[in-house]
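The values are calculated or read from the model by the stated rules, or taken from the named source; none is laboratory data. Note that the coordinates shown come from a computational prediction; the quantities given were computed from them, not determined experimentally. Cβ placement follows ideal geometry from the backbone for every residue including glycine, while neighbour counts extend to all protein chains displayed.
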């Protein structure tokens, strides 16, 4: 009799399951009321597995969706440094999100504000950018040391003087602050998603849980630095070269825009530079009365046309930190799906040991930066070029932007 009873329950559960979803098949946002594995009702009682309600969140503040796909990574430029450290290879990069712009001074000042209020003094001190990166013994950049970070006129200029380590700390803080705000909106404003509280039972009031987990659907994935492959893929923005829907692209790109020149070839902006870079020795912006790129140092984060993904200044303005440690042969070691070098695996530091009478800057504490800056010549604007610096160092030419996984979808 017990067997018949269990079979009856299973059949009834299957019937209820098949009718719970409009399309007949469960989805992340409409999982149905019963498990497709056991037939047990979700949240039937306190001991049952609970599936919080989930509606896909809007993308996180500041982010732009980057649809992934196949691409050819590697330098399209002549290898003038003769490093041969980014040979062309075909890879696939999964869809992700990336900041529309570089992280700006105003964002860092907001970060410092909350750290000063909520953290220990030494944490606040460790987060201060090194403003002395502007200082030069034979150059009068002294005003930038004092004013660049904090003066209101520079609010939406990219933050500089931050190390790779500091950039990572900012990503962690931003994740916590954004999610804290999302939870507050849901709890205070009745946002309609009850993942923090569990499922409602009839007219019963929800019971609040103190710490929403990943399963709650109330928090976004982590903000983080993009991988080198993600950054390079996003800078290429090859979707703008798609010729038809049969996966044919009509050209490669030397820069994040079409053509092999650094000037705009179209319309009213014809002849204007497409990025903020150094045109030649001593020439940072052009001549008065007819300034071209218009920026002696950094520039407004929304200056210059965005690329086809809608990202601003993926070439020029400031170089940008990425996650990867540097190795000259990463291109031949890393996987062809979401390539990334997190440590010295397959290419250990012993290969660059300086005890044999030569000196190497390569170790597990040097990180890649890309994109070119206001102080770099056009060669470094090409997405495939790469350089590296110690992860605890900073300069007036390196900033960063954040990225985030695209969870639960390929589009």
Problem set entry | Count of segment 106-126 residues which are surrounded by fewer than 13 Cβ atoms within 10 Å (Cβ to Cβ), within 15 Å of residue 172 (Cα to Cα) and within 24 Å of the chain's Cα centre (by Cα) | 0
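Matching residues to (1) in a loop (DSSP other than H, G, I, E, B); (2) in contact with a strand residue (DSSP E or B) (Cβ under 6 Å, 6 or more places away or on another chain); (3) assigned by TED's automatic domain parsing to the domain that holds residue 378:
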| site | (1), (2), (3) |
| --- | --- |
| 254 | yes, no, yes |
| 258 | yes, no, yes |
| 268 | no, no, yes |
| 271 | yes, yes, yes |
| 278 | yes, no, yes |
| 293 | yes, yes, yes |
| 296 | yes, no, yes |
| 300 | yes, no, yes |
For this session: Would you mind telling me which numbered condition in (1) surrounded by 14 or more Cβ atoms within 10 Å (Cβ to Cβ); (2) closer than 29 Å to residue 407 by Cα; (3) at pLDDT below 90 residue 258 fails?
Result: (2)
For this session: Of the conditions (1) in contact with a helix residue (DSSP H, G or I) (Cβ under 8 Å, 6 or more places away or on another chain); (2) over 26 Å from residue 64 (Cα atoms), residue 275 clears all except one; give me its number.
Result: (2)
For this session: Search segment 115-140 for residues being in contact (Cβ under 8 Å) with a residue 24 or more places away in the chain and in a loop (DSSP other than H, G, I, E, B), and hand back the single one that is nearest to residue 180 (Cα to Cα).
Result: 129
Problem set entry | Residues that are in contact with a helix residue (DSSP H, G or I) (Cβ under 9 Å, 6 or more places away or on another chain) and either touching a residue at least 60 places away in the same chain (Cβ under 8 Å) or over 26 Å from residue 99 (Cα atoms) (or both), drawn from segment 278-307 | 278, 279, 297, 298, 307
For this session: Test residue 220 against the stated conditions and say whether it is on the phi < 0 side of the Ramachandran plot, modelled with pLDDT of 85 or more and not in a helix (DSSP H, G or I).
Result: yes
Problem set entry | Residues that are at pLDDT 85 or above and loosely packed, with under 14 Cβ neighbours inside 10 Å, drawn from segment 1-28 | 25, 27, 28
